[in-house]
1. Going by the conditions given, is residue 83 in contact with a helix residue (DSSP H, G or I) (Cβ under 9 Å, 6 or more places away or on another chain), part of a strand (DSSP E or B), modelled with pLDDT of 95 or more and surrounded by 12 or more Cβ atoms within 10 Å (Cβ to Cβ)?
2. Conditions: (1) part of a loop (DSSP other than H, G, I, E, B); (2) surrounded by 12 or more Cβ atoms within 10 Å (Cβ to Cβ); (3) at pLDDT below 95. Residue 41 meets all but one. Number of the miss?
3. So which pairs qualify, if the first residue must be in segment 30-58 and without any contact (Cβ under 8 Å) to a residue 24 or more places away in the chain, the second must be loosely packed, with under 13 Cβ neighbours inside 10 Å and assigned to a strand (DSSP E or B), the Cβ gap must be under 8 Å, and the two must be at least 6 apart or on different chains?
4. Quick check on this structure: which one of 61, 32, 20 is closer than 13 Å to residue 85 by Cα and at pLDDT 90 or above?
5. Considering only segment 44-60, how many residues are in a loop (DSSP other than H, G, I, E, B) and surrounded by 12 or more Cβ atoms within 10 Å (Cβ to Cβ)?
6. So, of the residues in segment 66-80 that are within 13 Å of the chain's Cα centre (by Cα) and in a helix (DSSP H, G or I), which turns out to be farthest from residue 51 (Cα to Cα)?
C-alpha cells in the first residue's frame, strides 16, 4: 500500500490488479478527479503487474454532481487493461 498526494494505491501483484482510492475535497471535484484518473490510466496501462485498474472515489460532500456519468466515462477497456471506476457519495 502506498499513500500518495493523489490518494491511496494498492497493488495485488499476483492478481495483476491495482486499486486506487481517492477522496474529493474543495479543489478536487469532477474535472480534477477525471483529469487525475486519465493520467493514472495511461500510467498503469504500461505497468506489467496491472491488467485491471479499479478506482474508488469517495465523495461524501457530493462534489461530483453526476457520479454515474463519471463512472461510465472512465470505465473502459484500455489496450488489454480493464478500468473500473466507482463513486460513492454516502
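1. yes
2. (1)
3. Nothing qualifies.
4. 20
5. 5
6. 67
The values are calculated or read from the model by the stated rules, or taken from the named source; none is laboratory data. Note that the structure is a prediction, hence the values are computed from the model and not measured. Positions of Cβ are backbone-derived with ideal geometry, glycine not excepted, and every protein chain shown enters the neighbour counts.
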